[in-house]
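The values are calculated or read from the model by the stated rules, or taken from the named source; none is laboratory data. Keep in mind the model is a prediction, meaning the values are calculated, not measured. As a convention, Cβ positions derive from the backbone with ideal geometry for all residues, glycine included, and neighbour counts pool all protein chains shown.
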Ligand SMILES: NC(=O)c1ccc[n+]([C@@H]2O[C@H](COP(=O)([O-])OP(=O)(O)OC[C@H]3O[C@@H](n4cnc5c(N)ncnc54)[C@H](O)[C@@H]3O)[C@@H](O)[C@H]2O)c1
């Protein structure tokens, strides 16, 4: 799993370990204190060499079938589109889109060459469902819409060859990703039908569903887990 040390990644790691799975936690720096059952490996998802090395290491160390969750992501902090620098735009795209593509490619090649498997990409409701308000995050929103399109594209290419690719699109989850936007929580809350933010474990359970055999007929599915935010 990429982005394994973040809010959602850590909760998902713990959830998968509790289900009896071994987790390789891939993140920018090696986690000095990973949850029990998680083996931490460093990688920058934007760097093809890093991603290839991490995939090779996982395959060397894994004792059973391998699946992939792409959870690494970043967001710009409320930048007006007309003021956004190319560097800011590219930085978000590099992690959120290029990173997902590189990770899917490196692991997908191995899954296709083996006995298949399952990939889940973390997109966002801020892609195909809504353009969040009032924060301005055009690069993030565009990157997440692209992750969903990439997910569907890979699903069509790889599904017939035994690799299912699906996406989870969370709504608002209180994690470090939103740390800079906490002052906006009160503005978002009235829009959430369930009137609360998601717990990380609620996102983890949705990802685990798409990753495992309970979702064996899901192919290119985008599972929106947003407490109803995008309904109104
Ligand atoms: N928190 C939310 O409300 C929310 C909503 C919708 C979607 N998401 C998505 O869920 C995913 C996880 O978000 P989170 O809330 O846990 O965020 P987080 O900031 O807590 O975790 C993100 C993780 O990604 C890692 N990361 C960043 N750049 C990386 C890189 N270049 N290479 C490897 N790892 C890198 C970070 O080190 C961090 O551990 C992201 O893709 C995010 O866009 C989050």
Among the residues of region 121-136, are any assigned to a helix (DSSP H, G or I), more than 14 Å from the ligand (Cβ to nearest atom) and touching a helix residue (DSSP H, G or I) at 6+ places or on another chain (Cβ under 9 Å)? no
Those residues of region 103-120 which are within 16 Å of the ligand (Cβ to nearest atom) and surrounded by 18 or more Cβ atoms within 10 Å (Cβ to Cβ) amount to 103, 104, 106, 107, 119, 120
So, first residue farther than 23 Å from residue 15 by Cα in region 51-75, second residue within 13 Å of the ligand (Cβ to nearest atom) and assigned to a strand (DSSP E or B), Cβ within less than 9 Å, six or more apart or across chains; the pairs are 51/2; 51/26; 53/41; 75/137
Scan region 58-70 and give yes if some residue there is assigned to a helix (DSSP H, G or I) and under 20 Å from the mean Cα position of the chain (by Cα), otherwise no. yes
| request: Considering every residue within region 188-195, establish whether at least one is within 14 Å of the chain's Cα centre (by Cα) and assigned to a helix (DSSP H, G or I). | output: no
Only unsatisfied item for residue 83, checking (1) farther than 27 Å from residue 171 by Cα; (2) loosely packed, with under 15 Cβ neighbours inside 10 Å; (3) out of contact with any strand residue (DSSP E or B) (no Cβ under 7 Å at 6 or more places or on another chain), is (1)
Of the conditions (1) part of a loop (DSSP other than H, G, I, E, B); (2) buried (at least 20 other Cβ atoms within 10 Å of the Cβ), the single one that residue 92 does not satisfy is (1)
Restricted to region 137-174 and to residues being within 17 Å of residue 191 (Cβ to Cβ) and assigned to a loop (DSSP other than H, G, I, E, B), the residue nearest to the ligand (Cβ to nearest atom) is 172
Hey, residue 40 within 14 Å of the ligand (Cβ to nearest atom), at pLDDT 95 or above and more than 20 Å from residue 213 (Cα to Cα) or not
yes
When region 120-131 is checked residue by residue, the ones that are in contact with a strand residue (DSSP E or B) (Cβ under 8 Å, 6 or more places away or on another chain) and in contact (Cβ under 8 Å) with a residue 60 or more places away in the chain are 120, 122, 123, 125, 128, 129
If we keep only residues of region 43-64 that are near the ligand (Cβ under 9 Å from one of its atoms) and touching a strand residue (DSSP E or B) at 6+ places or on another chain (Cβ under 7 Å), then the residue farthest from residue 96 (Cα to Cα) is 43
